[in-house]
Amino acid sequence: MRIIGGKLRGKSVLPPAGYKARPTTDFAKEGLFNTLDNEFFFDDLAVLDLFGGTGSISFEFASRGAGEVIAVEMNPANVNFIKKTATALGVDKVVRVLHQNVFDFLEICSRRFDIVFADPPYALEGLDTLPDRVLSKGLVHAGGYFILEHPAEYNFAAHPSFVKEKKYGNVHFSYFSPVPEEES
C-alpha cells in the first residue's frame, strides 16, 4: 500500500506478513481524499483516526498537512507498527498513536476534531452504533465530518446527521456532520 497524495506521495507503507488489519484499498482511499480535497484545506486540521490499523489513513492526512492526527488502536503490534512507520516517514510529530480500545476512548475523549474517521473491523459488534457514539459526545466541530467505512449491508441514510455515502467497489464511506443545536 502506498501514500497517494501530499508531500509523502508514493511512499510505501508495508506491514509485515500476517498483520492483523484490513487496510482501506488504495482505490477507496483515493476516492475518499478526492472528496475531502474538494471540501477542506488540510493545513492544520485536527483528525481522529479510530481503529488505526496500518496507519494508512493517518499518514494520508499527515502527508497533506494536517496539524494533528491521533490514531486510536487496540492491537499492540499495530500500535508499534504505526509508531515506527510515523518515525520512518518523519511525521511522528504530527501522528500520535494511542493504545486503547476505541469504545473506551470515546467515553473519555473530551475534545473536538475537524474530521473523525473510523475504519472498524467489518464484523465488529456495535459498528452500527458508532455514528451515535461519536456525534453524541460532541467530538466533531460544526462543519466537520465523522466518516465511517463500512460494508454494503449497512445503510445510514435515515440517520439525522447523515450527509452522504460514497462507494468504491466493496468499500462504503458514510459521512455524518453534527446537527446544529437549535437556539433557545
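The values are calculated or read from the model by the stated rules, or taken from the named source; none is laboratory data. Note that the structure is a prediction, hence the values are computed from the model and not measured. FYI the Cβ positions are ideal-geometry reconstructions off the backbone, even for glycines, and counts take in every protein chain you see.
Candidates Gly169, Gly126: the one that is more than 26 Å from Asn38 (Cβ to Cβ) and either surrounded by 19 or more Cβ atoms within 10 Å (Cβ to Cβ) or modelled with pLDDT under 95 (or both) is Gly126.
When each of Ala21, Ala66, Ala28 is tested for being of a type outside the set (Phe, Trp, Tyr), modelled with pLDDT under 95 and assigned to a loop (DSSP other than H, G, I, E, B), the lone residue that passes is Ala21. Residues to consider are Leu45, Leu89, Leu139; find the one that is in contact with a Cys (Cβ under 8 Å, 6 or more places away or on another chain), of a type in the set (A, V, I, L, M, F, W, C) and touching a residue at least 60 places away in the same chain (Cβ under 8 Å). The unique qualifying residue is Leu139. Only one of the numbered conditions (1) at negative phi; (2) buried (at least 16 other Cβ atoms within 10 Å of the Cβ) is violated by Gly55, and that is (1). Tell me, please, whether a residue that is part of a loop (DSSP other than H, G, I, E, B), under 23 Å from Gly126 (Cβ atoms) and not acidic (Asp, Glu) can be found in segment 34-52. The answer is yes, given that some residue of segment 34-52 is part of a loop (DSSP other than H, G, I, E, B), under 23 Å from Gly126 (Cβ atoms) and not acidic (Asp, Glu). When Tyr175 is tested against (1) of a type outside the set (A, V, I, L, M, F, W, C); (2) modelled with pLDDT of 95 or more; (3) over 20 Å from Phe33 (Cα atoms); (4) in contact with a Lys or Arg (Cβ under 8 Å, 6 or more places away or on another chain), exactly one condition is not met: (3).
When you check Val134 against the structure, is it under 19 Å from Cys109 (Cα atoms), in contact with a Leu (Cβ under 7 Å, 6 or more places away or on another chain) and in contact (Cβ under 8 Å) with a residue 24 or more places away in the chain, yes or no? When the stated conditions are applied, Val134 passes them.
May I ask you to verify whether Ala157 is at pLDDT 95 or above and of a type in the set (A, V, I, L, M)? Yes.
Scanning segment 34-68 for residues that are of a type in the set (Val, Ile, Thr) and closer than 23 Å to Val163 by Cα returns Thr35, Val47, Ile57.
Among the listed residues Phe113, Phe146, Phe81, identify the single one that is under 30 Å from Leu8 (Cα atoms), crowded, with 16+ Cβ neighbours inside 10 Å and free of Cβ contacts under 8 Å to residues at least 60 places away in the same chain. Step by step, each of Phe113, Phe146, Phe81 is checked, and only Phe146 is under 30 Å from Leu8 (Cα atoms), crowded, with 16+ Cβ neighbours inside 10 Å and free of Cβ contacts under 8 Å to residues at least 60 places away in the same chain. Residue pairs whose Cβ atoms lie under 8 Å apart, sitting 6 or more positions apart in sequence or on different chains, and linking a residue in segment 19-33 that is without any contact (Cβ under 8 Å) to a residue 40 or more places away in the chain and closer than 13 Å to Lys166 by Cβ to a partner that is among the charged types (D, E, K, R) and assigned to a loop (DSSP other than H, G, I, E, B), are Phe33/Arg64.
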